[in-house]
Each structure stands twice: as structure tokens, then as C-alpha cells.
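Structure, as C-alpha cells:
The values are calculated or read from the model by the stated rules, or taken from the named source; none is laboratory data. Fair warning: this is a prediction, and the values are worked out from it, not measured in the lab. No Cβ is skipped: glycine too gets one built from the backbone with ideal geometry, and neighbour counts run over all protein chains shown.
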Amino acid sequence: YAADETESAPAYTRAGADTCLRCHDESSAFPVLAIFKSPHGRAADDRTPFAGLQCEACHGPGDAHAGRVRGDDVRPAIPFFGDSSPASASEHNEVCLGCHRQSAGPAWPGSAHEQNDKRCVDCHQVHARKDPVLQTASQTGVCLDCHKGLRADLLKPSAHPLRHGEMACGSCHKPHGSSGEKLLARSDLNQTCFDCHADKRGPHLWEHAPAAEDCSLCHLPHGSNHPALLTRRAPQLCQQCHSRLGHPAVAYTPQGLPDKGASAAQLARGCVNCHTQVHGSNHPSGANLTR
Amino acid sequence: QSEPDTSRWRCRFCAFESGLDGNLGVDVGLVFDDAYRFGSGTGLEDEGGYLNGDLSLNWWGDGARFYEIEAASLGTRARALELSGGVQGRYQFKVAYDEIPQRLNDTGLSPFVNIGSSALSLPAGWQPAGSAKLMPDLAGSLRPFAIAQDRKRLGFELKFTGSQRWSHHLSVSREQRDGLQPFSGSFLTLATILPAPIDYETDSIEATVAYTGDQWQANLGYYGSFFGNADPALTWQNPFTPLVTGAEQGAAARPPDNDFHQLSLSGNYRLNPGMRLVGHIALGRASQDEALLPYTVNPAITPAPLPATSANAEIDSTLLSGSANLSGHLSKALRFKAFYRRHERDNQTPVLSLQPINTDVYQEAPRTNRPFSFEKSRYGLDLRYRLPGGLSASGGFAREDYRRDLQEVAQTNENSFWIRLSAPAADPVDLSFGLQRDNRNGSGYRPISSLDPPENPLLRKFNLADRDRHQAFAEIGLRPHASTSIGISGAYAKDEYPDSVIGLNASEERSLTLDATVDPMPRLSLHGFVTRQVIDYAQTGMAQTIWQATAEDEIVTGGFSLAFTNEDGSRRMGLDYSRSDSEGSNVIAPGSGLVEFPDLTADLETFSFRIEGRVRDNLRARFRYRYERFHSRDWTIERVEPATIGSILLFGERLPNYTQQILWLGLVRSF
């Protein structure tokens, strides 16, 4: 039985990478030589493929794939990371995690991408000199390959500077899983926002509870039709939650536009023309968020 | 499986790199026009010539020692530079510097003579008036300034990989933000929009120790963030005739210096090949003890003494989360996840009895601050079952319990159910379809009694109100040919607030995206997309009678790109085009009949073209052209001059519309 098992186990090539590179040179459909410009191609680091089983460290035993194919026979697939490789997403990922479990982090199991059978190579380019998903300027394009609907958000009148490559999805999200919801980089949404907007953190003497609770109650972080990534314009944005007797309850109409009434609650910054401390105030007279 | 015989593995064809490798690019550019808003993210707001450069160099030595330099946009205010090095597999360091410019508008006007200061003064001899329209010195005193800010960040990282099991990571950074932002200085019914200085500095430190064992792994981390504001107060001279004696000057608090510390421990444990437990705990504390400003700077009012010298504000946060992930237990096809997450915000800020002076004008009734705490827990199950033929069905349930104090609703509970069907492996067509239903109920809405006047008792704040949420999505992926892929996806979400007589009644979002990629020949790639998104809101308010308002944002975005490289790689070219048309409509029914606001529109059109060709073995020439047009209509800004609203002295800025073109011509040296 043991002998049968040995016989049926897939075999490695006889010459390792030299076997593979006879076909997979720069003129092939799958040029691979850029891997020698990448961290994976450093044989001096004994953790890398080229300090061990070379191409087959990741792709698996390749003797069958590299062997001769007769007539109309179909070339056997390479076990891993080929177009027709039979391995599942989790089996593919186990190959990567064999070395990269630490960098994937403890939150990978059960995370959104893992649950949805995303393979590491769906995002990462192992054979590239620089993996685009690890570069701030090119990372967003990789994410948008799947999250197609968000491409439009980046072009909205108010948006974070992702389209210029000044930020990337990874500025706020951890694609390998996180303790936060929506793969957020910090433990909750507001803490994630405070990474760059620490001036909003307070804690303020007078809090505006929705701002302290959840920035996304008023802001659309991926892009908005309204200034400052707001969901809507004031005063109607504010009137979703405020209807006290007096000016907060008024039905503001186009009569408040410049040639007519020129309403203080509608033009310029709307309610914020006076209630400027919408994120909270640290002034002892700031209860109305005006100081 | 037996060990392979590697005795004949020579790696003769392996093109191992050593020494220097990479590119250095230098460009001269011409920016055709002044276009302030275009400078956001690009740093190219001014017309004229630019010298720009980028760099991507690696040096590999013996023993896996390496150094890398990455630099981009070196000739602009959006420059980024990164230097890293070390010995791969043992340690590495990184020093990074980058700048992010934000340019909103440079057409604002203000009469203050010392813009940029945190003590804003009017011209000598300023004659105040009761209305901005009547200020005799205003027209002659207005001076332009820009609403803008620059972020400059310098960071250092160090990572040790002592073994396959241990790693240590340390990163520290300092970010400076400088610029001007609008801030309102009000005196009861009169206000002045002020150019408030931004002079912020945020230091961050993050340290992690990670261990990876055979069955488990863990990360222990510390994160600290320290914010400093050079201008904790803003004072300004009142341009209006004071409403009361002594109100010639106002003072407001600006963001206080604050600290945040967080300790976290994350880990997972593999009980057996099909079961992993994941857990995370984080304990954080945010605090600030910035000295409180006086109740008023009005010398004619004698306020009560402050009850404390600072708010001494402190918020403890606790996050506890965990999940059990099982696969192949009850059935090989079944995957199961049970999760729990609890987040607590425990506000320890002392409750102070305060006697506010309203906008430096009059003594208000005593008030106490209301330190807001909440506790949110969410738990549920996700199941996924693989069906024959590559199909999979998944579904789940979650419940969220949200407790808040000092709010209108003490507790809300939300139940969520979802299902999803997908056929990811059924080439050439992939299908996914999902539905989700959420239902939120509260423990009872009790308006806050201390407000005078009170909120309308019929109001329901939308984040606290009972809510029904419906969501659906569908995605179709077609791969009619190995070189062609087409994706169509749609999403729908609707929130309804059945008990909200006043407030937000409903919101709805619909989107449809078409995306196609075609590679008609080797080294030629084409991509196109179009997305239409519509967001609707419906709300009611009540003055003498109930009024209704609806708002709709419709955004249509599309674009295409092309990339081509010739056979020997000596020539490359590409072009990109995109266009986004946004339209926002607002309709209000103030009692009888409907009244429509003018549309808010914003159209952005971009086009870029690039071509690069080899001049010599290690030298390439490149040409790049970029066109961008932004055009908006916005009734909150249009025809609004500094004195248009008599009671508020505004900036009166113009719409930041622009058309911009840029040419770059340069050389790239390869190493």
C-alpha cells in the first residue's frame, strides 16, 4: 500500500526551475522572470522559494505538467497557480500561508475575503518586481477590479484623494481581516477616521452624540455629491434629527436663495454658518456648538 | 510525499538580480492654467512650468541585503519619498515622507488683516454695522485667501523577523497639517465666517510583537496617537455692531490637544484542520485636559467661576470579538462561522455644572454636559454550503444590541437575515444573488427633557428610530472568450422608518454597473465601465404645519482605458478617459404644493494619454498629456457675495470650476 501511495504521488521535475524556465521565458504567455527582481527571488533568504524547491515550492510538483504531451492530449495542469489548477481557493491559500501566515495576521480565518474564497493571488502579483497591491499609487486599482461599483465614488465631487494615488483602500481597510467591521483598520469606524482626523477625536466637553457615535451617520467616506463627503446639504441634513421650535423646524424653500430671502440657514454652509462645532465643542459656553 | 531529488537543480536560467536595478525619470511639464481645485491631490494648481521626477531603485547585495528608493511627484506639493533597506528575512527599515495637498477654493474674501493668525483683527478704524450689507469699510477691505491645507508626514518603520515564529514591528510618524478652514464666529443672530488657521501636529506610534506557532498565532500591539494644536483658541474682532455692550470680540475653542492609547491582543487557534478560533481584545483610552477658555471674553459680563480648569475628558473603549470558523465538520460541503463582537465606549468625563454665556451675549440657564456612552454587541451565525456543479448557498443571522445613555432611546435591537446564492465556477458565466433584511426596534423614544425649547415629540432621530432595511444585489460575470470578461452588477438598499412622523422617513439607493475588459491581442488591453447610482431621501418636518421634503442624487459615471505594449517591449502607450455627472435635486412641500430647488450639478471629465519609447538600451523617452474639466452649479455658493446675507459675513467664494491641461515630456533612465 505504501509503495502504491509513493507511486501515485506527483513527481517533481528533474531540473527544478531550469525545467520551468525552458518554456516560461519572457516570450511565453506567462512571463515569469520578473520574480528574480522581487523578494521571492532572493535565494540568500533561506525562507524564499529559490532557497528551496524553486518554482515548485509554490506551484507544486511539476513533472507531469512539464512532461511531453502527445497528439491532442491536454497538458496536465500544474497543481497550484495555473489557469486550470484543480486546487480550491483555500488549498491555494495554504501554499502562501505556509510562509506568510504571520503577515496575513491572526484575523484572516473567517475574514470577509477568506469566507468568499478569494485567493491570495487574486490580489497579489508574485512575479512582479513590485506587487501593485502593495504600492499606494496602484493599490486602489487592484481593489476596484472586484469592487467595481466603488470606482464611481472616487470621481464624485467630494472624495478622498484616491484617484490621485495619494491614499489607497489600505489607508482605512485591512484586507486580511481586522477587529473592526468592514475590514476597517482600527477597532471601529471613528477610530479609523481619527487616524488622519485626530482633531475630531475630542473627547469634547460638549459632544454631538452622532459624531461621537459614528462618522458615517453624516459622511459618505467613499465619495459624495456634497461637500465634505456629507450625505446631504444642510439644513435638511440637520433637520433629519433636529426639529425644535424656531429656526430648526422651518420649511426652507427656494425663497431663501440669493435673489429672494437669502437665508442664513441655506446659503454657504447652512446651519454650520453658526453651529460651527458640529464635531463637538470644548468651550464652557459651547453647548449649542457655536463656541 | 517523498522529498524530491534536487541534486541536478542548477537554476542556470534563473536570472538572479544583484546590484542596482530600477528607473529614474525626469520630466519637464507645462501646466496651462491656474486651476486651484485641480491642485487637490496633485499640487499643480498654478499655471507655468514644472520640473518633476520619480525614482524606483533597488540595490541587492550579498546575503539578501537590500536598499530601495521609491519617489514620485518630486517636483510638486504631492511628492512622496520612501527609503527602505535591511537584510531580507532578518530585519528591514523604512523611512517615508509624503505630502498631500488639499485645495478647495482660492476665491474667498475676508476683511481680516492678519489671516493665518488665531487672533483675527479688522482694519484699523473699522466701522461696524448691524448688517453686513451696511458695513461701510467692507468693500474696500476684502482681501483674498485660499481655503486649503497641506499634510506633511514623516514616518519611520523597523521590522525584525527573528525567526519564522517571531516578528517585531515598530512604526512612528509625525504628521503636520497647515492651512486655513472656514469657522463661524457668531454673536447670537449675527455671524462672521472666519478663516481659521490649521496648525496641527499628530504623532503616532505603533508597536507589535507577533508569534506564529504550529497551531496558533498571536499579535500583541500598542497604538498611540498624540494630537497637538498650536491654536487651541480663536479670537476675532466682531465686524458687526455689538448686540450687547462688550461684545466687540469673540473667542471660540478649537480642537483640543488629545491622546489616544490602545493595547490590543489578537490571536487564532487551530483546534483541528477544519476549525479555527479567532479572538481579539483591545483596550483604549482617549483623553484631553486642554485648559478651558473663559465663559466669555465680554468684559461687560461677569460670569460665574468655572467649575474646573479643564474638561478632563476621558473615554475608555473596549473591544472584544471572537469567531469560531468550522469547515468540513458536519459535512465536507458545509462551512460555518459563529461570531460575537462587543464594543463599549465608556465616557468617564466628569459632569460639570456650567453657566454658559451664549455667544458672549447673554447668560444662559445653567447646563450640564452630557458625556455620552454606548455599548454595542453583535452576534450571529453564517453558514455556507457548496452544492454540486460549483454552486454555493450561504445565509446567516445576526443580532445587534445597542445600549446608549443620555439619548432618546436607551436600547435598540436589530435582527438581520441574509441569503446568497452564487455559481462562481460555472464558466463562462458567474452568477451571484443576495438578499438581506434588517429590522431594528427600540425600547421606546423619550425626548430629552432638558432642552428648551424641546425637540418636536414626533421627531425620531434616524440613528435611533425603528427601521426596516431591505438590501439586494445581483452580479453576473460573463467570459464569452478567454480574452473578454463582462460584468453586470446591481445593488438596491432601502431604509424605512415607520414610526418617524418627523425626521427622516426613508432613504433608498440603487446602483447599476457595467464593466468590460477585452484583450483583443497580446499586449493590448481595453477596459470600460459605466455606473449609474441614485440615492433618494424623504423626510418631514413641522413648523406650524407638517412639511415634506425629498432629495435625490443621481450620479452617472463612465470611462474607458487602453494599454498597449509592442512585442519587444520597446514602446508602450495608454489612454484613460472618465466622466462623472452628478445631479442633486431637492423638492419641498411646505404645506401646499411642491417647490423645487435648482439642481446641484457637478461634472468631472478627465482624459490622459501617455506614450513611452526606447531611445537606447537603458534610456526611454516619454510623453504624457492630461486634460481635466470640472464644472459645477451650486445654489449655496452661486451669487452669494460676502454681504448677501446681511446677518452673516461670508467668504463669498466663487464656484471652483476649471479646465486644465498638462503636458509632460521626459526621459527615463533604467539601471
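Data overview
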read-out	value
Search result, residues across the range B:418-436 that are touching an Asp or Glu at 6+ places or on another chain (Cβ under 8 Å) and either outside any strand (DSSP E or B) or charged (D, E, K, R) (or both)	B:P424, B:D430
Residue match in the range B:172-195 (condition: β-branched (V, I, T), assigned to a strand (DSSP E or B) and without any contact (Cβ under 8 Å) to a residue 60 or more places away in the chain)	yes
Some residue of the range B:111-118 being in a strand (DSSP E or B) and either crowded, with 20+ Cβ neighbours inside 10 Å or without any contact (Cβ under 8 Å) to a residue 60 or more places away in the chain (or both)	no
Qualifying residues in the range B:46-65 (those that are touching a residue at least 24 places away in the same chain (Cβ under 8 Å) and touching a Phe, Trp or Tyr at 6+ places or on another chain (Cβ under 9 Å)) - the one farthest from B:F160 (Cα to Cα)	B:Y50
Within the range A:231-241, tally of residues that are in a loop (DSSP other than H, G, I, E, B) and within 7 Å of chain B (Cβ to nearest Cβ)	4
Among residues of the range B:292-345, those that are of a type outside the set (S, T, N, Q), under 28 Å from B:G395 (Cα atoms) and part of a loop (DSSP other than H, G, I, E, B), counted	5
Any chance B:G108 is of a type in the set (G, A, S) and not in a strand (DSSP E or B)	no
Which numbered condition A:T140 fails, given (1) at the interface with chain B (Cβ under 9 Å from one of its Cβ atoms); (2) crowded, with 20+ Cβ neighbours inside 10 Å	(1)
Residues within the range B:540-572 that are touching a Leu at 6+ places or on another chain (Cβ under 6 Å) and more than 21 Å from A:S158 (Cβ to Cβ), tallied	2
Residue in the range B:425-459 that is farthest from B:V501 (Cα to Cα), counting only those that are crowded, with 16+ Cβ neighbours inside 10 Å and at the interface with another protein chain (Cβ under 9 Å from one of its Cβ atoms)	B:E455
Residue within the range B:570-583 that is outside any strand (DSSP E or B), within 30 Å of the chain's Cα centre (by Cα) and either more than 11 Å from chain A (Cβ to nearest Cβ) or buried (at least 17 other Cβ atoms within 10 Å of the Cβ) (or both) present	no
Residue match in the range B:357-367 (condition: among the hydroxyl-bearing types (S, T, Y), in contact with a Cys (Cβ under 9 Å, 6 or more places away or on another chain) and buried (at least 18 other Cβ atoms within 10 Å of the Cβ))	yes
Single residue of B:L30, B:L24 found to be surrounded by fewer than 17 Cβ atoms within 10 Å (Cβ to Cβ), modelled with pLDDT of 95 or more and under 30 Å from B:Y658 (Cβ atoms)	B:L30
Residue in the range A:139-162 that is assigned to a strand (DSSP E or B) and in contact with a helix residue (DSSP H, G or I) (Cβ under 8 Å, 6 or more places away or on another chain) present	yes
Identity of the residue in the range B:211-244, more than 21 Å from B:P195 (Cβ to Cβ) and touching a Leu at 6+ places or on another chain (Cβ under 6 Å), that ends up nearest to the other protein chains (Cβ to nearest Cβ)	B:L220
Index of the failed condition, B:N325 passing every other in (1) within 9 Å of chain A (Cβ to nearest Cβ); (2) of a type outside the set (G, A, S); (3) farther than 30 Å from A:G110 by Cα	(3)
Every residue from the range A:73-122 that is farther than 21 Å from B:W166 by Cα, hydrophobic (A, V, I, L, M, F, W, C), part of a helix (DSSP H, G or I) and in contact with a Gly (Cβ under 8 Å, 6 or more places away or on another chain)	A:A112
Qualifying residue in the range B:491-511 (condition: surrounded by fewer than 21 Cβ atoms within 10 Å (Cβ to Cβ), of a type in the set (K, R) and assigned to a strand (DSSP E or B))	yes
Residues (at the interface with chain B (Cβ under 7 Å from one of its Cβ atoms), hydrophobic (A, V, I, L, M, F, W, C) and in contact (Cβ under 8 Å) with a residue 60 or more places away in the chain) located in the range A:261-291	A:A287
Of all residues making up the range A:245-277, the number that are under 40 Å from the mean Cα position of the chain (by Cα) and more than 22 Å from B:V351 (Cβ to Cβ)	13
Number of positions in the range A:214-225 that are facing chain B (nearest Cβ under 7 Å) and either surrounded by 21 or more Cβ atoms within 10 Å (Cβ to Cβ) or assigned to a strand (DSSP E or B) (or both)	1
Residue that is surrounded by fewer than 20 Cβ atoms within 10 Å (Cβ to Cβ) and either touching a residue at least 60 places away in the same chain (Cβ under 8 Å) or within 7 Å of another protein chain (Cβ to nearest Cβ) (or both), where the choices are A:A211, A:A228, A:A198	A:A228
B:A247 vs. criteria crowded, with 18+ Cβ neighbours inside 10 Å, among the aliphatic types (A, V, I, L, M), within 11 Å of another protein chain (Cβ to nearest Cβ) and within 30 Å of B:M135 (Cβ to Cβ)	no
Tabulated pairs, the range B:595-614, first over 30 Å from B:D568 (Cα atoms) and more than 7 Å from every other protein chain (Cβ to nearest Cβ), second aliphatic (A, V, I, L, M) and surrounded by fewer than 17 Cβ atoms within 10 Å (Cβ to Cβ), C-beta under 9 angstrom, 6+ apart or interchain	B:E596/B:V587
Members of the range B:203-244 that are part of a strand (DSSP E or B), surrounded by fewer than 20 Cβ atoms within 10 Å (Cβ to Cβ) and among the β-branched types (V, I, T)	B:I205, B:T208, B:V209, B:T235
The lone exception for A:P258 - which of (1) over 21 Å from B:I535 (Cα atoms); (2) at the interface with chain B (Cβ under 7 Å from one of its Cβ atoms); (3) buried (at least 23 other Cβ atoms within 10 Å of the Cβ) it fails	(3)
Where a residue in the range B:458-469 is within 16 Å of B:A493 (Cα to Cα) and touching a residue at least 24 places away in the same chain (Cβ under 8 Å) and its partner, wherever it lies, is of a type in the set (K, R) and surrounded by fewer than 24 Cβ atoms within 10 Å (Cβ to Cβ), with Cβ under 6 Å and at least six apart	B:R467/B:R440
Pick from the range B:42-75, criterion surrounded by 21 or more Cβ atoms within 10 Å (Cβ to Cβ) and assigned to a loop (DSSP other than H, G, I, E, B), ranking: nearest to the other protein chains (Cβ to nearest Cβ)	B:T42
